[in-house]
Structures are given as C-alpha cells and as structure tokens.
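Before any comments, here is the structure.
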Amino acid sequence: MLDNALPTRNAPMTARQRRTILIASSGGALETFDFIIYGFFAQDIGRAFFPAGLGASGLTLSFVIFAIGHLSRPIGGIFLGRLGDKYGRRIVFAASAMISAVSTLLIGVLPSYQTWSVAAPALLLLLRLTQGVCVGGELPGSIVYAVETTRADQGFLCGIVFFAVNVALLLAAGINLCLQLALTPAQVSEYGWRVGFLVGGAIGLLSFVLRRTLPETEAFSRGGSVAHREPLAELFRWHLAPLATGVAATMLVGICNGLFVAYMPAYLRQLNYAPREIAIAQTLYVIVIGSCVLLTAKAGDLLPRRYVFRTGAVLSALFAPCFYMAVSRERAGLLIWFFLAGVVASFAAGTFACAIAEMFPIGVRFSGVGCAMNLGLAATMGTAPLAATILVARTHWNAAPALLMMLCAGLGFVASFAMRPSHAERGVLASN
C-alpha cells in the first residue's frame, strides 16, 4: 500500500533525483575502497602488526583481521537497517560515513607492533570492527536510495551504484599500481601501504559532507516509518524466505570480490607473479566489470532480473576451475583471464542488489537489504582470503579456491528461482 506513494515508472528523473543517486552511490564506493585497500596490502599489514613467532604467518593473521572486520558487518546491517526503517534513511547514511572515515584514517596512522607492541594489533582489530559495523549500512543505504528515488530504470540505477563501487575498486587498484611503480617493495612494506588508508579516510569525510545535503527518500517520507514500529520483528517473522534468498544471491558476488580482488595479490605473489603484473591485471578486471555491470543492470530492466543473475551463476561455476587451473601454471596470460573474470562476474553484480531490494516492502526494506547483503558478504567476501589460504595449504592444490566459487555459484543458482518482487511491488508494477 505504501509503495503506491512512489512516482510512476515512466516519470522522468528530476535534477534533484539525479543528484541524489550520484551522492548515494558514494556509499557502496566508500565501503568497497576501505575494505579492498586492506586486501591489496594484507602482506605488508601482516609484517607491520604481527611479528614472527606467533604460531601463524603474518599473512594468515592479517587475513584473520580482514575476516573479523567483515564478520562485524551483519551487526551493522541489522542495527543500522533497523534505525533506517524507523527514523529515516538519511541520518543513518550520513552517520555511518563519518565514523567509517575516521576509522580508516586512524588505521593509516596506527603505529606498528615494533612501536606499540600488542596494543598495535589490538587497536587494528578494534578499528576494523568499528569500520565493519559502520559500513554495514553503506551499500544497503545506497541501494535503498536507488530503488526509492524513482520508479524509472531501478535496475540501471542500482547498476550505477555498483559502477561507483568499481570506480572505487579502480581507485584502490590504481593507488596500489602507483605505489608498486614508484616505491620499492621494502618501501611499500614500511610506509607505502598507509597511503591508501589516508586517501580512503579523506574520501569518506568528503562523502559525509555531501550526504548531509541528501533529502529523505520520498517513499519513506510519505509514511514508510509508520509501517512497522519494530521492523526487525516484522522482517524475521514474515520475510525469512526473501532474506535467505538475498543472502545466497549476495554470496556469489561476495566470493568474486573476495577472491578476485582481496585474495588475488597474495595468492599470485606466492605463485611467483610480479607485483606490478598483478596490479595491472587487477586494474583491468575492475575496468571490465565496472563497464559491463551497467550493461547487465540494464538487461535486468529489460528481461526478468532473475534470468540475468542465473546466467551469471552458471557462467561462474563453469569459469572458476578454468581460471584457477590456468593461473596456477606459471606465466599464464593474466590479462586475458582477468578480462574474462570481469565479464563473468558482472552478470551477478549488475542484478542481485535490485532483485533483493524488490523482495522487501518499504517498511522493512533497509533492514531486509542490510541483513541479506551483510550476511552474504560476511560469509564470503570477508572470509574468502582466509578460507582460500587454508584450503590451498591443506590440499596442496593451487586451484582449490575454485571450489569456493563453485559452491557459491550453486547457491546463487538455486536462489535465482525464488527472486520475486514483494506483493506491494508487484501491485505497483502492474498499475504502471
């Protein structure tokens, strides 16, 4: 009923709506940059904060911190999503940017273990936990704004959000590439890795300033907040099926980011690929997926979204073993394989978010999207580097990470059959 207050599907976007989408897109971009820059420099962070003799390698302990930061995201998604459904999207979206930006800046200036002893890794863990809680509302907030700003081309607008995400990936990859070109490996390990966190924190503060000017979404301001006085109770009582579907769909996107971006530098360096070669290949991956995600998002507006997503799940399951068996052989053509990886990953990345948002009515949408996305990403994107590292060590098979991607692709394929808009959403679509 409340969804009928939204603008009609054929209404053109106003200048204010276009500005809202552009600013809202910074949410997913900020979240992605802050977390991915950690993956690029995981080895260097491990050397700085975890000395030898702790019973595990610095890289493994660094990935443990990376995973813990992601595992705190569902807490943020649940807590911030509830606040967003009760009190408004705008205030939650702005506050999360400020706290996350400050946490990122502090990581960039945090003294190493050599200077502060055990206090250094303890504070790193605390900052990553804080960062994870805050970014739990970033990407869901962006998606909610995209879906509730206008009825026209909602899938494409969500695609713009993920285009911004990949611009952030490109920025992170570009910073990594520039540092690898400008500094020696010893200099990067000593101080160069901090540059990315300082840049990310500065961007986050700028995002906070811009978000303070955002209007509340029209859907929420027309009555969304009174739909359910306790949105979490409503969500877990009546919307468990779409929640589970959203988690499974997000896991496919999360495993792609976790493996192809966060895990890949350390993985390929252990296979004796040069850091600069890896940085160039990952930069190409980001450019390709960023470009293709707009096409697959638009395809989701023209075709049933679940069909496009399902195609991506099938392609991912087929592509994963080919990719890992190829790159695990010395001197594989990284550029070709990373190009193909970007194309394959774009099918799911361009469609899953809008499909998830459509499954929840306005009164529980922020909570639903926040819970589904953050649970899915915490289970895959955050844990993928650690899980893949352990899997390769236990099996002594360099292509073992493909098994993780195939598993998530299978779950995504099953989930695609349950991707249906909520009853209220279908009613509005029919009326338009």
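If you compute Cα Rg over 2.2 N^0.38 Å for the structure shown, which of (i) 0.93; (ii) 1.10; (iii) 1.16 do you land on? Correct label is (i).
Starting from the Cα gyration tensor of segment 278-432, take the square roots of the eigenvalues, sort them a ≥ b ≥ c, and report rounded, prolate or oblate (rounded when a/c is under 1.5, otherwise prolate if a/b is larger than b/c, else oblate). The shape class here is prolate.
Both radii are taken from the alpha-carbon atoms of segment 308-348; with Rh as the Kirkwood radius, Rg/Rh is 1.02. Roll a 1.4 angstrom probe over the protein heavy atoms and tell me the percent of accessible area of the chain that is carbon or sulfur. C and S fraction of accessible area: 70 percent.
Restricting the calculation to alpha carbons of segment 90-201 gives Rg and Dmax of 17.2, 55 angstrom.
With N the number of residues in segment 313-400, Rg(Cα) / (2.2 N^0.38 Å) evaluates to 1.38.
Computed over neighbours whose Cβ is under 10 Å from that of Ser26, the net charge equals -1, Lys and Arg +1, Asp and Glu -1. Local charge for Ile36 was computed over the other residues whose Cβ lies under 15 Å away, with Lys and Arg +1 and Asp and Glu -1, and equals -2. By the Cβ distance rule (another cysteine Cβ under 4.7 Å), the unpaired cysteines of the chain are Cys134, Cys178, Cys256, Cys292, Cys322, Cys371, Cys408.
The amide H of Thr217, built 1.01 Å from its N in the peptide plane, has Arg89, Arg90 as neighbours under 5 Å, considering only residues 5 or more places off or on other chains.
Extension gain for the segment Leu123 to Ala95, taken as residue separation times 0.36 nm less the Cα-Cα distance, is 7.9 nm to one decimal.
A full extension of the chain between Leu181 and Leu210 corresponds to an added length of 7.1 nm, given 0.36 nm per residue minus the alpha carbon distance. Which helices, taking whole DSSP H runs in the chain, have alpha carbons extending 27 angstrom or more along the helix axis plus mean Kyte-Doolittle at least -1.0? Once both thresholds are applied, what remains is 89-109, 154-182, 275-302, 305-327, 362-380.
Normalised by 2.2 N^0.38 Å, where N is the number of residues, the alpha-carbon radius of gyration of segment 137-240 equals 1.51. Every Cα-Cα pair of segment 60-141 was included, and the share exceeding 22 Å stands at 29 percent. Please give the residues of segment 123-140, grouped as numeric ranges, whose backbone N is less than 17 Å from a label point set 7 Å along the Cα-to-Cβ vector of Val109. Output list for this probe position: 123-124, 127-128. The residues packed around Met381, meaning those with a beta-carbon under 12 Å from its beta-carbon, carry a net charge of 0 if Lys and Arg are +1 and Asp and Glu are -1.
Using 0.36 nm per residue and subtracting the Cα-Cα separation, the extra length available between Ile390 and Arg420 on full extension is 7.1 nm.
Probing with 1.4 Å while keeping every protein chain in the model, the per residue accessible area of the chain equals 37 Å².
The values are calculated or read from the model by the stated rules, or taken from the named source; none is laboratory data. All values derive from a computational prediction rather than experimental measurement. Using ideal geometry, Cβ is built from the backbone for each residue, glycine included, and neighbour counts are taken over all protein chains shown. Side chains are part of the model used for accessible areas, which takes the heavy atoms of the whole protein and leaves out ligands, DNA and RNA. Shrake-Rupley method; radii C 1.70, N 1.55, O 1.52, S 1.80 Å.
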